[in-house]
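Novice: Can you keep this structure in mind? I'll have questions shortly.
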Amino acid sequence: MAKANDLTQGNVTSLILKFYFPMLLTNMLQQLYTIADTAIVGKGLGDNALAAVGNMSSLTFLIFGFSMGLANGFSVIIAQSFGAKDYSKLRRSVASSAMLCFMIAILLTAVSISFLRPVLRLLRTDEAIMHDGLVYGYFIFGGLIATITYNLCSCILRALGDSKTPFIAIIISSVVNIFLDSFFIFVLKTGVEGAAIATIFSQIMSAFICWLRIRKIEELNITRADFCGNGKLYSELFKNGLPMAFMNSITAVGCMVIQYFVNGLGVAYTTAYSACSKFLTMFMQPACTAGFTMSSFTSQNFGAKRFDRIRDGLHVCLTIATISYIILGSVMVFFPGALARLMVNGTEPVEIAKTYLPVCGIFLFAVDFLFVFRNGCQGFGKPFIPMISGIAEMALRIAVIALFISTVGFRATAYAEASAWIGALLLNMTAFEHTLRKNLSSPVKSRKEVKTVA
């Protein structure tokens with residue numbers, strides 16, 4: 001049996017960096033094989049197939065983001081229980097999270113498949129890419145339970161301070177995914193469904209590897225009794241999980257509105273936006289990972305009442321986000337054409353992408369800092385401010401693109417993103433500082449030493 005990783009004791013910078021880098025490599029590998037998917041689809045099946053798959057990104061973010069937010073919310077309770085050394089609640093939280101995620105996976109699968117066609121119509125999806133979009137969507141959403149299982153398992157491991165196992169899982173599944181992508185598309189000539197099948201299979205592998213690790217953790221010696229219904233615990237899990245799930249979904253709705261406007265400009269714009277979105281998501285990963293690190297670190301130390309360490313953790317994570325912004329924001333500003341040509345074939349989509357990437361590169365600092373402060377709020381067990389910020393993001397995206405697309409064209413999509421990031425950052429930064437100062441000044445003293453209880 002192996003022990004979980006305690007983030008409540010030891011040097012803050014060292015602990016965070018040891019936790020951060022395996023998770024960063026995990027997230028980057030996920031994005032790289034997503035980009036590999038996109039590149040293989042674009043080069044192997046053409047720009048229309050790429051547009052069809054890219055057109056699904058906002059919709060998959062709506063569904064996957066909801067499930068990921070739910071798993072992240074559940075993991076806060078798991079991490080706080082571990083930080084407080086309440087191993088009985090820890091085991092019951094993991095067991096209850098598994099049951100709830102299974103039921104939600106079944107529901108989301110049924111809903112997403114049933115409403116796929118009308119939603120694509122609502123997004124003004126061009127008929128030239130409708131068929132491929134439907135095929136890809138039916139396969140991806142049909143395998144949703146694999147994605148949700150992996151998300152939950154990886155969130156549980158992160159909550160317990162293990163970022164290495166998801167990294168190992170992603171290394172293996174990425175290699176398999178890229179191989180299967182190439183095999184299905186270039187050898188079997190399957191079309192976009194081949195990319196979807198490869199993705200689902202890789203998620204199953206990742207989930208299985210993480211599950212094997214969870215079974216070996218000493219503090220998670222789960223028995224049948226831990227699965228017994230507990231209304232109070234279910235309520236606590238949903239209280240944290242649902243606001244985070246809705247935050248992701250609300251944000252996704254704003255992205256879907258942008259997709260609606262982009263689709264109205266033509267297939268070339270849909271193709272360019274698809275490629276830009278992939279790069280933007282990848283370039284967010286270092287700071288996004290710093291955010292996940294902040295969530296796990298804050299959750300454990302909040303449970304242990306080590307509020308003094310949370311401030312130190314914030315400084316380390318913000319430093320990581322700043323370095324990420326300087327490097328990757330510069331690449332987006334100075335090399336947009338080179339980036340676009342890595343994914344698309346046509347000259348027109350490349351020129352379109354060059355109007356989007358530099359603007360997002362300049363304002364990338366806002367979303368990088370947002371990840372840190374928002375996840376810090378979630379780690380405190382305060383998910384409603386991030387949810388409210390998600391509503392603000394959606395409102396700003398919709399307002400900016402609706403007001404400016406007729407005058408500045410496609411560049412309005414970048415202005416919409418920047419406005420949403422800045423608005424959400426201000427809300428989460430204020431809420432985080434208020435909560436931390438309130439806890440630091442409370443009568444409950446921070447614990448300098450924590451004694452592990454078996």
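Novice: Any cysteines in the chain with zero other Cys Cβ atoms under 4.7 Å from their Cβ? List them, or say none.
Specialist: Flagged as lacking a Cys partner: Cys101, Cys155, Cys228, Cys255, Cys276, Cys288, Cys317, Cys360, Cys377.
Novice: Rounded to two decimal places and with Rh computed the Kirkwood way over Cα pairs, what is Rg over Rh for segment 105-201?
Specialist: Details: Rg = 15.9 Å, Rh = 15.1 Å.
The Rg/Rh ratio comes out at 1.05.
Novice: Still on this structure, I have one more. When only the heavy atoms of the protein chains count and the probe is 1.4 Å, how do Ser419, Ser299 rank by accessible area, highest first? Present the calculation step by step, with values, prior to reporting the outcome.
Specialist: Numbers: Ser419 40, Ser299 0 Å².
Ranking Ser419, Ser299 by accessible area, largest first, yields Ser419, Ser299.
Novice: Using modelled backbone amide H atoms (1.01 Å from N, in-plane), which distant-in-sequence or interchain residues come within less than 5 Å of Leu265's amide H?
Specialist: none
Novice: Filter the cross-link list Lys18/Lys305; Lys189/Lys354; Lys85/Lys216 down to pairs whose alpha-carbon distance in this structure exceeds 29 Å. List each step's numbers first, then the result.
Specialist: Numbers: Lys18/Lys305 22 Å; Lys189/Lys354 32 Å; Lys85/Lys216 18 Å.
As for pairs spanning more than 29 Å Cα to Cα, those are Lys189/Lys354.
Novice: Distance between Cα centroids, segment 179-213 to segment 104-165: provide it in whole Å.
Specialist: Centre-to-centre distance over Cα atoms comes out at 14 Å.
Novice: In addition: In Å², what does the accessible area per residue of the chain work out to with a 1.4 Å probe?
Specialist: Values: 17710 Å² over 454 residues.
So the chain comes to 39 Å² accessible per residue, rounded to a whole number.
Novice: Please give me, ordered by residue number, the trypsin sites (Lys or Arg not before Pro) of segment 149-219 that lie in loop per DSSP and have at most 14 other Cβ atoms within 10 Å. Please list the in-between numbers first.
Specialist: Numbers: sites: Arg158, Lys164, Lys189, Arg213, Arg215, Lys216; in loops: Lys189.
Qualifying residues, ordered by number: Lys189.
Novice: Among (i) 22.6, 84; (ii) 24.9, 86; (iii) 21.3, 67, only one was calculated for this model; which label is it, if the read-out is Rg and Dmax of the Cα atoms in Å?
Specialist: Read-out taken from this structure: (iii).
Novice: Would you please give the residues with an amide H less than 5 Å from that of Lys85, counting only those at least 5 places away or on a separate chain, with H modeled from the backbone geometry?
Specialist: Answer set, sorted by chain and number: none.
Novice: Of all accessible surface on segment 321-417 at a 1.4 Å probe, what whole percent is carbon and sulfur?
Specialist: On the way: 2830 of 3820 Å².
For segment 321-417, the apolar C and S fraction of the accessible surface comes to 74 percent.
Novice: A further question on this structure: Taking the Cα centroid of segment 345-399 and of segment 8-67, what is the distance between the two, rounded to the nearest whole Å?
Specialist: Measuring centre to centre over Cα atoms gives 15 Å.
Novice: When the Karplus curve 6.51 cos²θ - 1.76 cosθ + 1.60 is applied with θ = phi - 60°, which whole-Hz ³J(HN,Hα) does each residue of segment 396-407 get, with x for Gly and Pro?
Specialist: Whole-Hz 3J(HN,Hα) from phi for segment 396-407: 5, 4, 5, 5, 5, 5, 5, 6, 10, 5, 6, 9.
Novice: If each DSSP helix of 4+ residues adds -39,500 (n - 2.57) and the sum is divided by the residues in the chain, what number results at 222 nm, nearest 500 deg cm²/dmol? Write down the numbers at each step before the final one.
Specialist: Numbers: 18 runs with 369 residues, N = 454.
Rounded to the nearest 500, it is -28000 deg cm²/dmol.
Novice: Return the long-range amide H neighbours of Ile217 (sequence gap of 5 or more, or a different chain), with a cut-off of under 5 Å between placed amide H atoms.
Specialist: The list, which skips near neighbours in sequence, is Ala2.
The values are calculated or read from the model by the stated rules, or taken from the named source; none is laboratory data. Nothing here was measured: the structure is a model prediction, and the numbers come from that model. Methodologically, a virtual Cβ is constructed for each residue, glycine included, from the backbone with ideal geometry; neighbour enumeration extends over all protein chains shown. SASA here: full protein model, heavy atoms, side chains in, ligands and nucleic acids out. Shrake-Rupley method; radii C 1.70, N 1.55, O 1.52, S 1.80 Å.
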